[in-house]
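Enquirer: This is the structure I have questions about; it appears just below.
The values are calculated or read from the model by the stated rules, or taken from the named source; none is laboratory data. Every value quoted in this text rests on a predicted model; they were computed, and no experiment measured them. Glycine gets a Cβ as well: all are built from the backbone with ideal geometry, and neighbour counts include every protein chain shown.
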Amino acid sequence: MRKVLSLFLPICLVLAVPATAASGLYFGVDLGVAMAENVESTRINMGIPTNCDQWLGRATLNDGTSVPLPLEQCQPRELPASPNSFDLDAGWLFGVNAGYAFGNWRLEAEWFHRRHSGEHLPLVVPGDSKQVEFTERSEEIDEMRGNNLFANLHYDVGGLDSAKLTPFVGVGLGLMRTEMDYRGVSIRNSDPQALLSLGRNPNAAGLTSRADEKMKDNLFGFQFIAGLDYALSERRALTVKFRYANVFDDFGDHDNEWKPLRDHESTVAPGGAPVRYGINAEDLGFWTLSVGLKFFAN
């Protein structure tokens, strides 16, 4: 992507002579493909240990300790975490835009939607003492979507032999509403003796914790655009557009309950406060290639 921009942008800039494109109000539509960078996602768990879970029946550990432990002896803590890198599939993009052209410059408002299917990965957290409890621990980004609203500034470049062709470059700032369908599963060893040997309540054997949530965050972002207009008439143009976009901040959604937690509601005691988890995600950049039509009002 960087190589494409480094080659394309200088060519456009050296052709900076008056353009032949129409002026005034215009609107357009775009349809294309979107490619996302690998999303690095980390699940953040604020948990209370299994031996504090009041939903589980009473048991005695090998050292003689009776569990569940009294809740006053249990403090919520942030569990160890490790990122997963999700390779999202190529997706599609649809967008609309409206703007005003004056000379070589155009001011534009643009909205576009993109979506990608995701990936299912094992979750391995090095150094987490709970890792050995599970026969399966995995997570998935099933789908990622974005609704993006940008204000763009474009510069139309003339100078080609054909009066019908007008290259352009642009930059934009905007709001990026990012959503991901997140799922996770943690299934404990079904052998009670195996949990006893780890110092855990054997009544937790075989129990499952599941995450299933539509994560969302509103993020400010930027984009760089390069493209080419081909005039079909005085008021219509065919547009090919390449863009790279990214966000200024990382994605975060931290107010989600387990469905279920150890095969019961997301608490450690009946009527207790919910146990929650969150997702942090980095590397949300993407690039798109689209084809569209542009219509000038006059």
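Enquirer: Output yes when any residue across segment 79-97 is β-branched (Val, Ile, Thr) and under 27 Å from the mean Cα position of the chain (by Cα), and no when none is. Lay out the reasoning, then the answer.
Expert: Here is the first cut: in segment 79-97, the ones β-branched (Val, Ile, Thr) are 96.
Then keep just the ones that are under 27 Å from the mean Cα position of the chain (by Cα); that gives 96.
Yes, because at least one residue in segment 79-97 is β-branched (Val, Ile, Thr) and under 27 Å from the mean Cα position of the chain (by Cα).
Enquirer: Let me ask something additional. Please specify each residue of segment 261-298 satisfying the condition of being closer than 30 Å to residue 35 by Cα, in contact with a Leu (Cβ under 8 Å, 6 or more places away or on another chain) and small (Gly, Ala, Ser).
Expert: Scanning segment 261-298 gives 290, 292.
Enquirer: Could you check segment 103-129 and list, in sequence order, the residues that are part of a strand (DSSP E or B) and either surrounded by fewer than 19 Cβ atoms within 10 Å (Cβ to Cβ) or hydroxyl-bearing (Ser, Thr, Tyr) (or both)? Give the derivation first.
Expert: Filtering segment 103-129 for residues part of a strand (DSSP E or B) gives 105-122.
If the condition is that a residue be part of a strand (DSSP E or B) and either surrounded by fewer than 19 Cβ atoms within 10 Å (Cβ to Cβ) or hydroxyl-bearing (Ser, Thr, Tyr) (or both), then 105, 107, 109, 111, 113, 115, 117, 119, 120, 121, 122 are the ones that fit.
Enquirer: While we're looking at this one, here's another question. Quick check on my filter: what residues within segment 130-171 are in contact with a His (Cβ under 9 Å, 6 or more places away or on another chain) and surrounded by 17 or more Cβ atoms within 10 Å (Cβ to Cβ)? Let's see the steps before the verdict.
Expert: Taking segment 130-171 as the starting set, the residues that turn out to be in contact with a His (Cβ under 9 Å, 6 or more places away or on another chain) are 138-148, 168-171.
Matches in segment 130-171: 139, 140, 141, 143, 144, 146, 148, 168, 169, 170.
Enquirer: Looking at residue 133, is it modelled with pLDDT under 95 and either within 21 Å of the chain's Cα centre (by Cα) or closer than 29 Å to residue 68 by Cβ (or both)? Before the answer, list the steps.
Expert: Working: modelled with pLDDT under 95: yes; either within 21 Å of the chain's Cα centre (by Cα) or closer than 29 Å to residue 68 by Cβ (or both): yes.
Criteria met by residue 133.
Enquirer: Can I ask one more? Filtering segment 213-235 down to residues that are charged (D, E, K, R) and surrounded by 15 or more Cβ atoms within 10 Å (Cβ to Cβ), which residue is nearest to residue 258 (Cα to Cα)? Outline the logic, then answer.
Expert: Filtering segment 213-235 for residues charged (D, E, K, R) gives 213-214, 216-217, 229, 234-235.
When the remaining residues are screened for being surrounded by 15 or more Cβ atoms within 10 Å (Cβ to Cβ), the result is 213, 217, 229.
Values: 213: 9, 217: 19, 229: 50 Å.
Filtering first and then ranking leaves 213.
Enquirer: Something else now. When segment 173-197 is examined, which residues are found to be in a strand (DSSP E or B) and not aliphatic (A, V, I, L, M)? It would help to see each step written out before you state the result.
Expert: In the first step, residues of segment 173-197 are kept if they are in a strand (DSSP E or B); the result is 173-188.
Listed by number, the residues that qualify are 174, 177, 178, 179, 181, 182, 183, 184, 186, 188.
Enquirer: Looking at the structure I just gave you, is residue 69 buried (at least 19 other Cβ atoms within 10 Å of the Cβ), of a type in the set (A, V, I, L, M, F, W, C) and part of a loop (DSSP other than H, G, I, E, B)? Can you show your working first?
Expert: On the way: buried (at least 19 other Cβ atoms within 10 Å of the Cβ): no; of a type in the set (A, V, I, L, M, F, W, C): yes; part of a loop (DSSP other than H, G, I, E, B): yes.
No: the conditions fail for residue 69.
Enquirer: Those residues that are polar (S, T, N, Q), outside any strand (DSSP E or B) and surrounded by 13 or more Cβ atoms within 10 Å (Cβ to Cβ), I need them from segment 75-102; list them, please. Quick ask: steps written out before the conclusion?
Expert: If we filter segment 75-102 for residues that are polar (S, T, N, Q), which is where we start, we get 75, 82, 84-85, 97.
Imposing the further condition that a residue be outside any strand (DSSP E or B) reduces the set to 75, 82.
Of everything in segment 75-102, just one residue is polar (S, T, N, Q), outside any strand (DSSP E or B) and surrounded by 13 or more Cβ atoms within 10 Å (Cβ to Cβ), namely 82.
Enquirer: Run residue 33 past the list (1) within 30 Å of residue 294 (Cα to Cα); (2) crowded, with 17+ Cβ neighbours inside 10 Å; (3) of a type in the set (Val, Ile, Thr) and report the number of the one that doesn't hold.
Expert: (2)
Enquirer: Would you check which residues across segment 223-260 are under 19 Å from residue 32 (Cβ atoms) and among the aromatic types (Phe, Trp, Tyr) and list them? Steps first, answer last, please.
Expert: Of all residues in segment 223-260, those under 19 Å from residue 32 (Cβ atoms) come to 223-230, 232, 236-246.
Correct list: 224, 230, 242, 244.
Enquirer: Find the residue count for segment 38-53, including only residues that are within 8 Å of residue 280 (Cα to Cα) and among the small types (Gly, Ala, Ser).
Expert: Within segment 38-53, residues that are within 8 Å of residue 280 (Cα to Cα) and among the small types (Gly, Ala, Ser) number 1.
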